[in-house]
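Here's the structure, in structure tokens; my notes come after.
The values are calculated or read from the model by the stated rules, or taken from the named source; none is laboratory data. Just so you know, these numbers come straight off a predicted model, no measurement behind them. Glycine also receives a Cβ, built like all others from the backbone with ideal geometry; neighbour counts cover every protein chain displayed. What goes into the accessible areas is simple: the full protein's heavy atoms, side chains included, and nothing from ligands, DNA or RNA. Shrake-Rupley method; radii C 1.70, N 1.55, O 1.52, S 1.80 Å.
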Protein chains: 2
Amino acid sequence: MSTTIEPVNVKAQAQLAQKASKELGLLSTEEKNDALYTIASALEENTNSILEANGKDLENGREKGFDDAYMDRLSLDEKRVKEFAEGLRQVAKLDDPSGEIVSEWTLVNGLEVQTIRVPLGVIGMIYEARPNVTADATGLALKSGNAIVLKGGSTAIHSNRAIVGVMKEALASTKISPDAVQFIDSTDRAATEQLFTMKEHIDVLIPRGGGKLIQAVVNNATVPVLETGVGNCHIYIDKDADPEKAINIFLNAKTDRPAVCNAAETLIVHEEFLNQHEDKLVTALKQAKIGIYGDEKAVDRIPGAFPAQEEHWANEFLSLDTAFKIVDHIDQAIDHIDTYGTKHSEAIVTENSEAAKRFKGLVDAAAIYHNASTRFTDGSALGFGAEIGISTQKLHARGPMGLPALTTIKYVMNGNGQIR
Amino acid sequence: MSTTIEPVNVKAQAQLAQKASKELGLLSTEEKNDALYTIASALEENTNSILEANGKDLENGREKGFDDAYMDRLSLDEKRVKEFAEGLRQVAKLDDPSGEIVSEWTLVNGLEVQTIRVPLGVIGMIYEARPNVTADATGLALKSGNAIVLKGGSTAIHSNRAIVGVMKEALASTKISPDAVQFIDSTDRAATEQLFTMKEHIDVLIPRGGGKLIQAVVNNATVPVLETGVGNCHIYIDKDADPEKAINIFLNAKTDRPAVCNAAETLIVHEEFLNQHEDKLVTALKQAKIGIYGDEKAVDRIPGAFPAQEEHWANEFLSLDTAFKIVDHIDQAIDHIDTYGTKHSEAIVTENSEAAKRFKGLVDAAAIYHNASTRFTDGSALGFGAEIGISTQKLHARGPMGLPALTTIKYVMNGNGQIR
């Protein structure tokens, strides 16, 4: 079943976005903030129509038998719509990165050189069930001076359509053209795939959702991609770890919100630590109802542990299960993370500063923790406000991506006839 | 004819590079500089063997009937080898970006957050005839703490093999493992294509060469790419341009080095300027032996102008020819650049500050010039020394890319048991 009434013209929409992005790039911070406040109020005022649309998605979801976690991600209520609005107001309060003079100097011939931060242009956002991304990503894009093309998951299409409708109507009374927000109103995968190669009109694609979605975009897009999210994160408890810190940190990273990307998925324990603190650790894991998929040694030592298969090392559990590996040298832990990590967040618990230094130097990830939980890899936890995603790639932006990740620079030279 | 003796194992080489990159990332600036100086001296000492190898490439090139410009790019002499060595010494003197603490702050819970600049890891360099790239790119990669996999053009394979051989032998006596420099000793296109998808082992691909090579990499690589180089650059002479500046700037941008990427390819002239200064401009173009491919108006007005086809607007001439367009509004110039520009370097000549502001705000390119020649888009001209290429993309790095473009950041958190 397609919910679209007529075929969407993805290219025409991307072109409209691109055209709108040019004017948007010239607006002042105040004009952009005004638009965000206007959208925020409009979302609150139109809560009922948004919730009504959401009701259709929830009904479809129930018919399709989605699980509770999925339904929770999909579902909106008055409080959540209020949160969208508050999120937009928060973004309005953040510094505007666009227009910042990053550096400037003058050549000996008198040519003045500036590097100026400017919007990327058009952001293509490809995401799954969460309708909040529709409002959050739009706020971040507009604030940084970018137009946005939104392609949300088909299961949330009624909610997204309603949210975008409200936002575009609100924009009509502001300096930002409603064309700056484009909603691909289609459940057809081909519409998404058209975005992959639209280099002429889209400057960056940001996929948010599960690993399959992200890999489909990364592997098929010729438009540059900001890869986000999959976090196969490890906690390594070193031989010189403080047992209380170690257990608290792992429990927090594993159980606080098991389904998020900065949650821990594998516990790696140095054998010497285990020899001293096995009872305490295993008891804590049992009490927290953590299921264990262990390597051979772990299965031998820990009652109730299942043998881990390749898939358990390689994938996120996103649940209270954990993989469990025992090592007899820190370098084995580092090698394991090298093999299976997704370059998101990795932690070492140790009182040994040499071990910490080695781990921080050799582990290749966006965020490395010494004696702290991986759960802090998050824009708001780190203090820079809303994020468009958490980059697990190395180019352009790494880790939680705030507004500056949605900008690039331009060299601007002012001369009086200089030639070379 | 393949010049390889046995099939190369691209994957094994990339893995060796990756392994070497990890140790390399932990070296001090002094250790890396020492290695660069050692390579520099070795290149000078082995000039004869490098020139002998180059002789084979030149002989093959002559047999294949390459044109003079190509042969010039391919050809080495004592002076050029000396320049490789000097280039490496220059890079040794540049600031080491790796290890720089970019920012640091402490959360209210006491968690210390740092963002630290770190090497990307392994750089895959795919390039064409110029053997100097072999030494230059290696120097920049090693200085910034990266390993490098080199895949040069098959026409320069003897030269590249000799240069890499000397560099690796020199590295053996330094703290940098010779494995950090990998040379794909093959003329087989399949070897290059293997690099495109080796995401596990290569962190970024940098293509340098003609548009065809660059597009092949951009369109087929799943490894992130830093797109470089093609410059379809425009000089726009506004109605309020100073005629002397305008003519000098265009002549410089067109004729100083017509084959480079920051050379001008299209001249766009406001009709009012032309009405006043046509004789002066046309005389100057004739004297400089510039061939003109004009739009309809230009062909009508300028004796000897050929009618421009789509290809003339869309491609680099890389010669003394120019496309020539007449507009009656600045926005037509901006639209034309939007349509045909490659986001490299664009210039406006005008004494009107409003026109300059509009052009600088609306034209989307790495470098925008007001009253200066596009020829300054170049790492050394702008004062930051050697460059690995000129980025025409918006993500990660834009414009001339020096050492910092070969790095990323890592969030490093130091805690004492913080959980969320």
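Confirm whether B:Leu205 is more than 9 Å from chain A (Cβ to nearest Cβ) and assigned to a strand (DSSP E or B).
Details: more than 9 Å from chain A (Cβ to nearest Cβ): yes; assigned to a strand (DSSP E or B): yes.
So B:Leu205 fits the description; yes.
Per-residue answers, yes or no, for (1) under 30 Å from A:Ser144 (Cα atoms); (2) more than 7 Å from every other protein chain (Cβ to nearest Cβ):
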residue: A:His344; (1), (2): yes, yes
residue: A:Val349; (1), (2): no, yes
residue: A:Ala356; (1), (2): no, yes
residue: A:His370; (1), (2): no, no
residue: A:Arg375; (1), (2): yes, no
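For the stretch B:382-394, enumerate the residues that are open to solvent by 10 Å² or more (accessible area, probe 1.4 Å) and within 7 Å of chain A (Cβ to nearest Cβ).
Once the filter is applied, which keeps residues that are open to solvent by 10 Å² or more (accessible area, probe 1.4 Å) and within 7 Å of chain A (Cβ to nearest Cβ), the stretch B:382-394 yields B:Gly383, B:Gln393, B:Lys394.
Regarding A:Thr106, is this residue crowded, with 16+ Cβ neighbours inside 10 Å and among the β-branched types (Val, Ile, Thr)?
Judged against the criteria, A:Thr106 is not a match.
Could you check A:Asn160 against (1) open to solvent by 10 Å² or more (accessible area, probe 1.4 Å); (2) away from chain B (no Cβ under 14 Å); (3) outside any loop (DSSP other than H, G, I, E, B); (4) of a type in the set (S, T, N, Q) and say which number it fails?
(1)
Does B:Ala264 fit the bill of being touching a strand residue (DSSP E or B) at 6+ places or on another chain (Cβ under 8 Å) and assigned by TED's automatic domain parsing to the domain that holds B:Ala365?
So B:Ala264 passes the test.
Of the residues that make up the stretch B:190-201, is at least one open to solvent by less than 10 Å² (accessible area, probe 1.4 Å) and in a loop (DSSP other than H, G, I, E, B)? If you could, list the steps in order and put the result at the bottom.
Of the residues in the stretch B:190-201, the ones open to solvent by less than 10 Å² (accessible area, probe 1.4 Å) are B:191, B:195.
When the remaining residues are screened for being in a loop (DSSP other than H, G, I, E, B), the result is none.
No, the stretch B:190-201 has no match at all.
Residues to consider are B:Ala253, B:Ala288; find the one that is modelled with pLDDT of 95 or more, within 14 Å of another protein chain (Cβ to nearest Cβ) and farther than 30 Å from B:His396 by Cβ.
Working: B:Ala253 fails: farther than 30 Å from B:His396 by Cβ.
Going through B:Ala253, B:Ala288 in turn, the sole match is B:Ala288.
From (1) crowded, with 20+ Cβ neighbours inside 10 Å; (2) over 20 Å from the mean Cα position of the chain (by Cα), pick out the condition that doesn't hold for B:Glu100.
Going through (1) crowded, with 20+ Cβ neighbours inside 10 Å; (2) over 20 Å from the mean Cα position of the chain (by Cα) one by one, B:Glu100 breaks only (1).
Out of A:Ile123, A:Ile148, report the one residue that is within 13 Å of chain B (Cβ to nearest Cβ) and closer than 30 Å to A:Gly210 by Cβ.
None of the others qualify; the one that does is A:Ile123.
Quick one: is B:Asn414 open to solvent by 10 Å² or more (accessible area, probe 1.4 Å), at the interface with chain A (Cβ under 7 Å from one of its Cβ atoms) and in contact (Cβ under 8 Å) with a residue 12 or more places away in the chain?
In short, yes.
What tally of residues in the stretch B:10-23 results from selecting those that are open to solvent by 70 Å² or more (accessible area, probe 1.4 Å) and at pLDDT 95 or above?
The number of residues fulfilling the criteria is 4.
Matching residues to (1) in contact (Cβ under 8 Å) with a residue 60 or more places away in the chain; (2) under 18 Å from B:Ala386 (Cβ atoms); (3) not hydrophobic (A, V, I, L, M, F, W, C):
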| residue | (1), (2), (3) |
| --- | --- |
| B:Glu30 | no, no, yes |
| B:Leu36 | yes, yes, no |
| B:Thr47 | no, no, yes |
| B:Gly61 | yes, no, yes |
| B:Glu78 | no, no, yes |
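Pull up the stretch A:395-411, narrow it to residues that are part of a strand (DSSP E or B) and among the hydrophobic types (A, V, I, L, M, F, W, C), then point me to the one that is most open to solvent (accessible area, probe 1.4 Å).
First, pick out the residues of the stretch A:395-411 that are part of a strand (DSSP E or B): A:399-401, A:407-411.
After this cut, where a residue has to be among the hydrophobic types (A, V, I, L, M, F, W, C) as well, the list is A:401, A:409.
Numbers: A:Met401: 2, A:Ile409: 36 Å².
Only one residue tops the list, namely A:Ile409.
Of all residues being under 13 Å from the mean Cα position of the chain (by Cα) and within 11 Å of chain B (Cβ to nearest Cβ) in the stretch A:208-250, which is modelled with the lowest pLDDT? Just the residue, please.
Going through the qualifying residues, I end up with A:Glu227.
For the list (1) more than 30 Å from B:Val349 (Cα to Cα); (2) touching a Leu at 6+ places or on another chain (Cβ under 9 Å), I need the number of the one condition that B:Thr197 fails.
With respect to (1) more than 30 Å from B:Val349 (Cα to Cα); (2) touching a Leu at 6+ places or on another chain (Cβ under 9 Å), B:Thr197 is out only on (2).
Going by the conditions given, is B:Gly110 out of contact with any Leu (no Cβ under 8 Å at 6 or more places or on another chain) and either in contact (Cβ under 8 Å) with a residue 24 or more places away in the chain or not aromatic (Phe, Trp, Tyr) (or both)?
In short, yes.
Being touching a strand residue (DSSP E or B) at 6+ places or on another chain (Cβ under 9 Å) and either more than 7 Å from every other protein chain (Cβ to nearest Cβ) or of a type in the set (Ser, Thr, Tyr) (or both) is the filter here; which residues of the stretch A:395-411 pass it?
Result: A:Ala397, A:Pro400, A:Met401, A:Pro404, A:Ala405, A:Leu406, A:Thr407, A:Thr408, A:Tyr411.
Against the definition (outside the structural domain of B:Ile334 (by TED's automatic domain parsing) and among the polar types (S, T, N, Q)), how does B:Thr374 come out, yes or no?
no
With respect to B:Ser173, determine if the residue is more than 30 Å from A:Ile368 (Cα to Cα), open to solvent by 20 Å² or more (accessible area, probe 1.4 Å) and either touching a Lys or Arg at 6+ places or on another chain (Cβ under 7 Å) or away from every other protein chain (no Cβ under 14 Å) (or both).
The answer is yes for B:Ser173.
Of these, B:Gln182, B:Gln215, which one is surrounded by 20 or more Cβ atoms within 10 Å (Cβ to Cβ), polar (S, T, N, Q) and not assigned by TED's automatic domain parsing to the domain that holds B:Asp338?
B:Gln182
Within the stretch B:139-157, how many residues turn out to be touching a residue at least 60 places away in the same chain (Cβ under 8 Å) and closer than 16 Å to B:Leu76 by Cβ?
3
Among strands (runs of 3 or more DSSP E) lying entirely in the stretch A:223-303, which contain 2 or more residues that are touching a residue at least 40 places away in the same chain (Cβ under 8 Å) and open to solvent by less than 50 Å² (accessible area, probe 1.4 Å)?
Here the list reads A:233-237, A:264-270.
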